[in-house]
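Asks: Structure incoming, see below.
Values quoted throughout were computed directly from the atomic coordinates according to the rules given, and no laboratory measurement underlies them. Keep in mind that what you see is a predicted model, and the values were worked out from it rather than measured. Backbone-built Cβ (ideal geometry, glycine too); neighbour counts: all protein chains shown.
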Amino acid sequence: MPEIRVTPLGAGQDVGRSCILVSIGGKNVMLDCGMHMGFNDDRRFPDFSYITRNGRLTDFLDCVIISHFHLDHCGALPYFSEMVGYDGPIYMTHPTQAICPILLEDYRKIAVDKKGEANFFTSQMIKDCMKKVVAVHLHQTVQVDDELEIKAYYAGHVLGAAMFQIKVGSESVVYTGDYNMTPDRHLGAAWIDKCRPNLLITESTYATTIRDSKRCRERDFLKKVHETVERGGKVLIPVFALGRAQELCILLETFWERVNLKAPIYFSTGLTEKANHYYKLFITWTNQKIRKTFVQRNMFEFKHIKAFDRAFADNPGPMVVFATPGMLHAGQSLQIFRKWAGNEKNMVIMPGYCVQGTVGHKILSGQRKLEMEGRQVLEVKMQVEYMSFSAHADAKGIMQLVGQAEPESVLLVHGEAKKMEFLKQKIEQEFRVNCYMPANGETVTLPTSPSIPVGISLGLLKREMAQGLLPSAKKPRLLHGTLIMKDSSFQLVSSEQALKELGLAEHQLRFTCRVHLHDSRKEQETAARVYSHLKSILKDHCVQHLPDGSVTVESILIQAAAHSEDPGTKVLLVSWTYQDEELGSYLTSLLKKGLPQAPS
Amino acid sequence: MMALPYITEHTGFTGTVYATEPTVQIGRLLMEELVNFIERVPKAQSASLWKNKDIQRLLPSPLKDAVEVSTWRRCYTMQEVNSALSKIQLVGYSQKIELFGAVQVTPLSSGYALGSSNWIIQSHYEKVSYVSGSSLLTTHPQPMDQASLKNSDVLVLTGLTQIPTANPDGMVGEFCSNLALTVRNGGNVLVPCYPSGVIYDLLECLYQYIDSAGLSNIPFYFISPVANSSLEFSQIFAEWLCHNKQTKVYLPEPPFPHAELIQTNKLRHYPSIHGDFSNDFRQPCVVFTGHPSLRFGDVVHFMELWGKSSLNTVIFTEPDFSYLEALAPYQPLAMKCIYCPIDTRLNFIQVSKLLKEVQPLHVVCPEQYTQPPPAQSHRMDLMIDCQPPAMSYRRAEVLALPFKRLFEKIEIMPELADSLVPMEIKPGISLATVSAVLHTKDNKHVLQPPPRPAPPTSGKKRKRASEDIPDCKVLKPLLSGSIPVEQFVQTLEKHGFSDVKVEDTAKGHIVLLQEAETLIQIEEDSTHIICDNDEMLRVRLRDLVLKFLQKF
């Protein structure tokens, strides 16, 4: 029995190091190759030894697909391809291909230069790894090999994020990556057609949350920033360089312009300027409004937002700083946080999800005394605010996507077990499909029953279809044909054609039965009586009285002849071929019963 | 694409139009420019009576010689353009678009312009490629996708280069050197052009050429109502560009160097000659503007302004219009005229290379490609040469493509497939008879297992029904093979027929069962059982005969 097998190596009942193995139609595909922000040891990368203990990954995997550039979806890629060893194709969209190496390099720098880790991937490895990347367009059908094809759909989430459909024959799986079902200030909403996959693998970060309207959240956010700035406080917004940062920048930029605020807004340097540039060049991936107006005014050219310098953090007076990374687990945002944490006038706004183990997660869960490196304890007096600006679909959005794609079953990843459980029930109730939520290393096996595609001769098909259109053929008709299996080609043809094609002659099997009737009238009259008798009984059949005196029922021939000895008896010769066996046999027994007395 | 509004707005067309995103965006710009140019010179009245054939005959040339005047139309409005564009559905290269389940349509990169496409129309067994306006040269767009055109049954080939004798690279060189020469002598250069396309390549060449030719102080003006949009749009279609340009975007840098030309103020763009341009205008200079026909648009002003001086030069790069005809109304001209048409589309050498590579079964092309151009009738190399010879078509001609559809795809449900019993007829060839219910939905055909006969329910009613007229729709298989008489007779005897008698006939044999008054005629490919009305006997004989035959 064919089946689809799915094994998460990461992101199974967890958020972080997304990595899901899918076997479909004899093909093995790896979806995403991420790192875990909450760990600094072996656990930060997926366990690739699961795939194959001692063989080359290239031999086992047909392709790798990266959904978007966030490190928890692509962070382990150079490790996987260069250190573990994989030479096959890696698919991602153009923006992802552009941005991914920069984030990887950034990540490498923090890990190696700042934390001094040895045995980490090098810059060269990132470059080599990116050489294996094949960029895909949205909706382009990419033929990985003769059987395996993939197709990308717009996912919203971040610039270049995509959902992927993986298809082998008539079996298919859709992997959503991270997606967003509501358009925001800079990106559009995810969209997929009714592709009816066998399985939909969806993220479930906000499995239980249903968010209020975006407008309210935005107003809240602006109000909080405004209040803090008014009372002279500093606002820290930890963000990832790409994504929310741009959305919030657009938001603050327009607000500053409208309210005419003077407090400076800074953006941590390096990455971000570049990042804005990417948005400008890949403007086709942003939302409708930005795309329409970009010629007049490019939304990613900010007037009020300036580059940040480390020295600015100690400047007096109010300011707003966007700093990376977004979960306060390292880098500039953490540095600034440590500087400002002690002052209750200040505020930190976490605009996105924080993985367990990060400082961001700790302060959000209410912890106010943090143990830092070197046993220092940092007391957090500043206000901590959480605002879900994360571009993940909420429960409503996930349900909406499931409804759009109409999958046969659903599999949840990239979420917390408890929340998944809730969503699983909801999906099973509402859509009456199976829903799975495997943990890391756990395999889900789905039996599938793919139909078998064969070629049908057009003659046969047209004949059948024409008959199917007749009003009389309301009940399902039986199509009869012969399937020729030659090498690997399958052709369904009419039986006559099959014989011809194989060079075989048809063998005609014919039966002729003599039925004796007592009838003293002439043969012609007997035939006429037979005709009217049959006509009255066989209403569904074509009964004809031919000029030569014989009667036909469909292709069965009935002739009346005089008996050689007994003039009071007529002999009916009923002749039919094997193909009319039932009807012929029925007719003989019918005629044997005799004819009804003529109403004369 | 420029005629799209005529189809979508005036013919009652209700379908969908498919196009790539750059095609739509840039097409919109081209139409916008055209509409803008035309609307600048409104005409209070339009004459149409002259289109009457009897009157047209009497008119002076060239009106007299114009063909199909009755099909001439007024230019569309921006409103019609927008309405036409709203009917377009965006598609990407290699995207498979299902049309009614019957055929699949796929755009492929044609390498000629941003987002320009060739198209594949295919069913499961047939493939037609439409190749139009393709280029094998490396300019700014993504290279032409040739591999996907392979295995075509029919390849429709059109949109070849208009000047098969000119080499685009040479023309670009000539363009640059003439431009430099004129400017150095204190003259102005006018380049009539479209606002998108070759201009990107020209600007890129000039970008590399300016400094070495000492032109860095000469201002370049690009005047078009859509100049700004065109330059901006060219920068955002990274995915549709050639590899080199894509790599630049990854850095991230703008893919085209005209961004830098604009930044350094060497290239300036204006929506028209009015407004800012008149303040900034400095001579000598280079002006890019439309329309290349020299009949309307800002180019007309520059022709009037510069035509009197022999210092100035007009350089024609667009191949769409004959430069001599374009210039005719401006004669006499003192201005120099240089003709360096740049047409990167396929020439005949490239066509034959392409056809060798792609190997379509048949080639279909417009009639004029099957013979040398009338002006150069001795140039036998300026025509399409392929085997079998290309089929040609003319305007408004319907052509039947030379293939016959034999097969269609159908899916067999797994339950049905399980129930099939294949038997091997010849080595490597197996057969299975299929009886199934055909379901057709959206032109997709599925075979489902036949419904199981309802279980016989006890009761009189059911019994009555079973005696009913048999449903002849249950088809019996066809038979094949032949019956060896001796073995058949032996079998008969084994089954208790003692009085078997065999007679030879011209074509075969007759087996007589004397007691039962039954006669079996056996020939090479037919068997005829003639018996009295003894159903039992007949069925027995039938089954014995069937043992020797194969069913289909």
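Asks: Sticking with the crude label model, points 7 Å out along Cα→Cβ, report the distance from B:ASP532 to B:SER83 in nm, one decimal please.
Replies: The two pseudo-label positions are separated by 8.6 nm.
Asks: Mind listing the Cα extents of the range B:139-194 along all three principal axes, in Å, largest one first?
Replies: Taking the Cα atoms of the range B:139-194, the three principal extents are 57, 21, 20 Å.
Asks: Mean separation of Cα pairs under 8 Å and 6+ residues apart, divided by the residue count of the range A:273-374: what relative contact order is that in percent?
Replies: 17
Asks: Could you check the spin-label model distance between B:GLU424 and B:LEU406? Points 7 Å from the Cα along Cα→Cβ, value in nm.
Replies: Placing both labels 7 Å along Cα→Cβ, they lie 2.5 nm apart.
Asks: If you don't mind, there's one more thing I want to ask. How much FRET efficiency would the formula 1/(1 + (r/R0)^6) give for B:GLN359 and A:ILE537, where r is the Cβ-Cβ distance and R0 is 60 Å, rounded to 0.05?
Replies: 0.45
Asks: Moving on to the next point. How high is the relative contact order of the range B:1-110, given as a whole-number percent (alpha carbon pairs under 8 Å, six or more residues apart)?
Replies: RCO, the range B:1-110: 39 percent.
Asks: Another question, then. What do you get for trypsin sites (Lys or Arg not before Pro) in the range B:336-398 restricted to DSSP loop and a cutoff of at most 12 other Cβ within 10 Å of the site's Cβ?
Replies: Working: sites: B:LYS336, B:ARG345, B:LYS353, B:LYS356, B:ARG379, B:ARG394, B:ARG395; in loops: B:ARG345, B:ARG379, B:ARG394, B:ARG395.
Those satisfying the criteria are B:ARG394, B:ARG395.
Asks: Still on this structure: Determine which aspartates and glutamates satisfy two conditions relative to A:LYS381: a Cα distance under 15 Å, and not lying fewer than 8 residues away in the same chain.
Replies: A:GLU344, A:GLU371
Asks: If you don't mind, another one. Regarding chain B, what is the average projected area of its C-alpha convex hull, in nm²? Don't skip to the answer; put the middle values down first.
Replies: On the way: hull surface 175.5 nm².
The number I arrive at for chain B is 43.9 nm².
Asks: I would also like to ask the following. When Lys and Arg each count +1 and Asp and Glu each count -1, what net charge do the other residues less than 13 Å away from B:LEU354, Cβ to Cβ, add up to?
Replies: With Lys, Arg at +1 and Asp, Glu at -1, the net is +1.
Asks: Tally Lys and Arg at +1 and Asp and Glu at -1 over the other residues with C-beta under 12 Å from the C-beta of A:HIS70: what net charge comes out?
Replies: Taking every other residue near A:HIS70 into account, the sum is -2.
Asks: Follow-up. Ignoring everything except DSSP H segments at least 4 long, calculate the 222 nm mean residue ellipticity for chain A; use -39,500 (n - 2.57) per segment, divide by total residues, nearest 500.
Replies: Taking each H run of at least 4 residues, the total per residue is -8500 deg cm²/dmol.
Asks: Okay, moving on. Which value in deg cm²/dmol, rounded to the nearest 500, describes the helix-derived mean residue ellipticity at 222 nm for chain B, given -39,500 (n - 2.57) per DSSP H run of n ≥ 4 and division by the residue count?
Replies: Details: 17 runs with 160 residues, N = 552.
Theoretical 222 nm ellipticity from helices: -8500 deg cm²/dmol.
Asks: Could you work out how far helix B:198-212 tilts from the main Cα principal axis of chain B, as a 0 to 90 degree angle to the nearest 10?
Replies: 40
Asks: On to the next question. Measure nothing but the geometry: give the 0 to 90° angle between the long axis through the Cα atoms of A:523-537 and the longest principal axis through the Cα atoms of chain A, rounded to 10°.
Replies: For helix A:523-537, the angle is close to 30 degrees.
Asks: Exposed loop GluC sites (Glu not before Pro) only (DSSP loop, at most 14 other Cβ atoms within 10 Å): please give the longest stretch of chain A free of them, not including the sites. Write out the running numbers ahead of the final one.
Replies: Numbers: sites that count: A:GLU117, A:GLU147, A:GLU301, A:GLU344, A:GLU442, A:GLU565.
It works out to A:148-300.
Asks: For the range B:222-262, what D do you get in µm² per second when you plug the Kirkwood radius from alpha-carbon pairs into Stokes-Einstein at 37 °C and 0.692 mPa s?
Replies: Using the Kirkwood radius from Cα pairs, D works out to 308 µm²/s.
Asks: Along each of its three principal axes, how wide is the spread of alpha-carbon positions in the range A:307-439, in whole angstrom units, largest first?
Replies: The principal-axis extents, from largest down, are 59, 33, 22 Å.
Asks: Just need the relative contact order of the range B:83-190 here, percent rounded to a whole number, with Cα pairs under 8 Å and 6+ apart.
Replies: 18
Asks: Quick one: grab Rg to one decimal and Dmax as a whole number for the range B:1-125, Cα atoms only, in Å.
Replies: 18.8, 56
Asks: For a distance above 19 Å, tell me the whole-number percent of Cα pairs in the range A:182-277 that qualify. Please list the in-between numbers first.
Replies: Working: 2577 of 4560 pairs.
Looking at the range A:182-277, the distances longer than 19 Å represent 57 percent of pairs.
Asks: Per 20 Å bin, what is the whole-percent P(r) computed from every C-alpha pair distance within the protein assembly as shown?
Replies: The calculated distribution, bin by bin, is 9, 29, 28, 20, 10, 3, 0.
Asks: Let me ask something else about it. Using only C-alpha atoms and all pairs of different ones, pull out the Kirkwood radius for the range A:404-511 in Å with one decimal.
Replies: Evaluated on the range A:404-511, it is 19.1 Å.
Asks: Name the residues whose placed amide hydrogens come within less than 5 Å of the amide hydrogen of A:GLU171, ignoring near sequence neighbours (fewer than 5 apart) on the same chain.
Replies: none
Asks: Further question on the same structure: Between helix A:94-109 and chain A, what is the angle of the helix's C-alpha long axis to the longest principal axis, kept within 0 to 90° and rounded to the nearest 10?
Replies: 40
Asks: Rg(Cα) of chain A divided by 2.2 N^0.38 Å?
Replies: The reported ratio for this selection is 1.48.
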